[in-house]
Amino acid sequence: MSLIEAIILGIVQGITEFLPISSTGHLTLAGKFMGLISEENPEHWTSFIAVIQLGTMLSIFVYFWKDLLNILTEFLQNNLQNRVKYSEQSTNSKLGWMIILGTIPIVVIGLLFKDLIEGALTKNLYVISGSLIVLAIILAIAEKTAKFKKNIENVTILDSVLIGLAQAVALIPGSSRSGTTITGGLFLGLKRDVAARFSFLLSVPAILASGMLQLIESLKYINYDLTVNLIVATIVSAVSGYLAIDFLLKFLKKNTTFVFIYYRIALGVLILVLLYSNIINP
């Protein structure tokens, strides 16, 4: 992997991690074109991607640092210091519980199917193209049926668990973590920008845990040259990720998600055309 390729992958990771268009799908497509994905050792690629996700994790911390600090502070005050009943806790303290409970599904499913997730099947472009198209259709249904009434303080424990289950669906390549969670939020009546904000907050534990775990496991695959590229790609993903978060939250206050729906379908169809034309391999 060259430095230029690392920069490109960092940009792709940062932008597509937060837009509902699938970072895995775009990174896999880019990796296939660059010849960076080995069918014999797909775990090397999985480790690289998980590590540069720490850059997008950093962008969440920087963008939402006040929210995260308030959630942590009030959660500790309400649950450890003052022992306040859940019904009487502050909105931020309740958000802390929701993030914890909403993270459980992806942790459990991720650990149970860890080998499958890191295997060659999850890099298969047929799977990715199918996920891009199917999840786009489901998001379109959510857009057409959603009520867009709930603000962040109206999100319930049940909502967080259901959105957490939607986040676990993102383990299927091509789905998009933000795409599945925003879709789940819309079905539950959240406003578009609220669904996106909750999606980003909910992603914090999952992305952090995944990145740290893969960082530890990937140390055996990393040499000096790759280390430099990893650092560069991670920094680039952090910057592009911050810009993507800011763009999406502002965009969804006034617009629908249909531009992303059309894009997902077009990309899914394009991948199928490239596959059937033998321009790229699955």
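The values are calculated or read from the model by the stated rules, or taken from the named source; none is laboratory data. Not measured: the values here are computed from a predicted model. Neighbour counts run over all protein chains shown; Cβ positions are idealised from the backbone, glycine included.
Being part of a helix (DSSP H, G or I), farther than 30 Å from residue 281 by Cα and in contact (Cβ under 8 Å) with a residue 12 or more places away in the chain is a property that residue 132 lacks.
Looking at the range 148-172 only, could you name the residues that are under 11 Å from the mean Cα position of the chain (by Cα), part of a loop (DSSP other than H, G, I, E, B) and more than 16 Å from residue 137 (Cα to Cα)? 171, the sole residue that qualifies. With respect to residue 153, determine if the residue is charged (D, E, K, R), exposed (fewer than 15 other Cβ atoms within 10 Å of the Cβ) and either on the phi < 0 side of the Ramachandran plot or in contact with a strand residue (DSSP E or B) (Cβ under 7 Å, 6 or more places away or on another chain) (or both). In short, yes. Scan the range 181-208 for residues that are without any contact (Cβ under 8 Å) to a residue 60 or more places away in the chain, within 9 Å of the chain's Cα centre (by Cα) and over 15 Å from residue 252 (Cβ atoms) and the total you get is 0. Residue-level check: of (1) under 18 Å from the mean Cα position of the chain (by Cα); (2) within 15 Å of residue 202 (Cβ to Cβ), residue 97 misses just (1). Looking across 132, 58, 125, 68, one residue alone is over 20 Å from residue 19 (Cα atoms), surrounded by 18 or more Cβ atoms within 10 Å (Cβ to Cβ), under 19 Å from the mean Cα position of the chain (by Cα) and modelled with pLDDT of 85 or more. It is 68.
Count, please, the residues in the range 1-44 that happen to be modelled with pLDDT of 75 or more, part of a helix (DSSP H, G or I) and more than 16 Å from the chain's Cα centre (by Cα). Steps first, please.
Our first condition is that a residue be modelled with pLDDT of 75 or more; within the range 1-44, this holds for 1-36.
Those left that are additionally part of a helix (DSSP H, G or I): 3-18, 23-34.
From what is left, the residues that are more than 16 Å from the chain's Cα centre (by Cα) are 3-8, 29-34.
Looking only at that region, the number is 12.
Whether a residue is under 21 Å from residue 177 (Cβ atoms), modelled with pLDDT of 90 or more and within 20 Å of the chain's Cα centre (by Cα) was assessed, and residue 112 does not pass this test.
For the range 76-120, name all the residues that are part of a helix (DSSP H, G or I) and of a type in the set (Val, Ile, Thr). Give the derivation first.
Quick first cut of the range 76-120, residues part of a helix (DSSP H, G or I) only: 76-81, 86-88, 91-112, 114-118, 120.
Selection gives 91, 99, 100, 103, 104, 106, 107, 108, 109, 117.
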